[in-house]
1. If you place +1 on the Cβ of every Lys and Arg, -1 on the Cβ of every Asp and Glu, and leave all else neutral, what size is the dipole of the stretch 78-184 about its Cα centre, to the nearest 20 Debye?
2. Below 17 Å, Cα to Cα, which aspartates and glutamates can Lys171 reach? Residues fewer than 8 away in the same chain don't count.
3. Roughly speaking, to the nearest percent, how much of the stretch 76-184's 1.4 Å accessible area is carbon and sulfur?
Amino acid sequence: MFGSRVRGAALAAVVLAGFAVSCSSDPAASAGASSAASAPATPSASAADSAPSASPLPGAAESGPAAPPASRRPASAPPGTPPPEKVRDAFAGLQATLDGSCTPSECAYFLGRVHDELHSLDAAMKADPKGPGHFPEPIALVAKLDTELGGDRSFQNLKKHQTLLIGTRDKINTWMQGHPDDYR
């Protein structure tokens, strides 16, 4: 998931920069878009954060990256933070880990991905318009996992808590299967 998000963000930045260059008649805006396309993508950067907004109207004032809708951003998120995924999308990411396993060559990636997918789903549930009270069990399971992990996301700690990590994923998957209206 991490690698695909970085590639996706980098691709989106390049596409947006190309669009901005082709739509802009202002050479200064073109130079700004070119520098955004050559900037390295970071895991926490989104396409909206890495590419300037381009106005389709020549001479229109640039207002910077558009802020996500306030209704989808948690109250604690700083302005400019991209909204969390929808519950169905985050759940699909979690389900994609069901066929994975902790093979010697892929164990660190697999456990890290399960951890990340659980937290993406947790964030999506907390930001869902139905409210976090609609998802009490999955949110409680992730909170219990976080307590056990103690904020340590290192491979050694994830491996130590592998049974709890995979068990949490499986319990949330079972809970979600019993609530199909929440992900379809």
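1. Working: 12 positive and 15 negative charges, 17 e Å.
My answer is approximately 80 debye.
2. Partners within reach: Asp99, Asp116, Glu117, Asp122, Glu137, Asp146, Glu148, Asp182.
3. Values: 3140 of 5750 Å².
Using a 1.4 Å probe with all protein chains present, the stretch 76-184 comes out at 55 percent carbon and sulfur.
The values are calculated or read from the model by the stated rules, or taken from the named source; none is laboratory data. No experiment lies behind these values; they were computed from the predicted model shown. Cβ atoms come from the backbone with ideal geometry, glycine included; neighbour counts cover every protein chain shown. To get the accessible areas, we keep the full protein, side chains included, count just its heavy atoms, and leave off ligands, DNA and RNA. Shrake-Rupley method; radii C 1.70, N 1.55, O 1.52, S 1.80 Å.
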